[in-house]
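What follows is calculated from the coordinates using simple rules that are stated; it is not laboratory data. Every value quoted in this text rests on a predicted model; they were computed, and no experiment measured them. Positions of Cβ are generated from backbone atoms using ideal geometry, with glycine treated the same way; all protein chains shown enter the neighbour counts.
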Amino acid sequence: MANVLILGAHGQIARLVRQRLLDETSDHLTLYLRNASRIKNSHSQRETVIDGDVNDYQRLSAAMNGQDIVYANLGGQFEPMVKHIVKAMAKNHVQRLIYVTGLGFYHEVPDPFGTWVEKSVGHDVMEDTRRAAKIIEDSDVDATLIRAAYMDNNDEVDYELTEKGTPFKGTVVSRKSIADLIVKVIKDPGQHENSSLGISKPNTDGDRPMF
């Protein structure tokens, strides 16, 4: 049994991961989110719900105590949040991080889709994402960065992975697919240690997301 801290626990992928961990493991889950009242029907024996902001370092650090794995699926300004996460993990001797972000911050997406992504997301947001990823990669944290293609809600698990340093494949991926990868790593934390993985649905290459 592992203790798993889920940051951004009300997000769509996080909710998929939460349910699968409850169904498939005996792990204890700490659900960390703003406005904890959004969590319904928590399992009191298996879950702890914390109302908190990742930018609140003291509250985040307290939530880190005793955790084995941190899974972060966040929105907002990434650089300050990642600084707090890495600092809190170091203080509490938590080593394993799974961090979900978007594609393109290594300029690994082939053109013309790569240029479209940069313009669509916005250069300032992409630079913030790059700074956040560098903080993780330069830290002592054992991280799996998941660089996701554009997401859809298709009821399917169908994906391929690309390693850092290789061109990104595809344009879209289902949230269920991303959740599947996260659950696999949580179940076996030795998988994909210190790695950065692109994830997309096979055969969806194109100039724009192939929804």
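Annotations for the structure displayed:
- Filter result (surrounded by fewer than 22 Cβ atoms within 10 Å (Cβ to Cβ), in contact with a strand residue (DSSP E or B) (Cβ under 7 Å, 6 or more places away or on another chain) and among the polar types (S, T, N, Q)) within the range 175-211: 194, 195, 204
- Identity of the residue in the range 55-99, buried (at least 21 other Cβ atoms within 10 Å of the Cβ) and of a type in the set (Ser, Thr, Tyr), that ends up farthest from the chain's Cα centre (by Cα): 71
- Among residues of the range 171-188, those that are more than 14 Å from the chain's Cα centre (by Cα) and in contact (Cβ under 8 Å) with a residue 60 or more places away in the chain, counted: 1
- Candidate set from the range 67-126 (those that are in a loop (DSSP other than H, G, I, E, B) and either hydrophobic (A, V, I, L, M, F, W, C) or touching a His at 6+ places or on another chain (Cβ under 8 Å) (or both)); member that is farthest from residue 11 (Cα to Cα): 109
- Failed item, numbered, when residue 183 is tested on (1) under 14 Å from residue 13 (Cβ atoms); (2) part of a strand (DSSP E or B): (2)
- Residues satisfying the stated conditions in the range 75-116, i.e. closer than 14 Å to residue 149 by Cα and in contact with a Leu (Cβ under 6 Å, 6 or more places away or on another chain): 109
- Test result for residue 122, farther than 17 Å from residue 73 by Cβ and either surrounded by fewer than 19 Cβ atoms within 10 Å (Cβ to Cβ) or in contact (Cβ under 8 Å) with a residue 40 or more places away in the chain (or both): yes
- Some residue of the range 152-162 being farther than 25 Å from residue 77 by Cα, touching a Phe, Trp or Tyr at 6+ places or on another chain (Cβ under 6 Å) and touching a residue at least 24 places away in the same chain (Cβ under 8 Å): yes
- Of the listed requirements (1) over 25 Å from residue 16 (Cα atoms); (2) surrounded by fewer than 15 Cβ atoms within 10 Å (Cβ to Cβ); (3) touching a residue at least 40 places away in the same chain (Cβ under 8 Å), residue 138 misses just one: (3).
- Qualifying residue in the range 29-49 (condition: in contact (Cβ under 8 Å) with a residue 60 or more places away in the chain and farther than 19 Å from residue 82 by Cβ): no
- Conditions (1) surrounded by fewer than 21 Cβ atoms within 10 Å (Cβ to Cβ); (2) over 16 Å from residue 141 (Cβ atoms); (3) in contact with a helix residue (DSSP H, G or I) (Cβ under 7 Å, 6 or more places away or on another chain); (4) small (Gly, Ala, Ser); number of the one not met by residue 44: (3)
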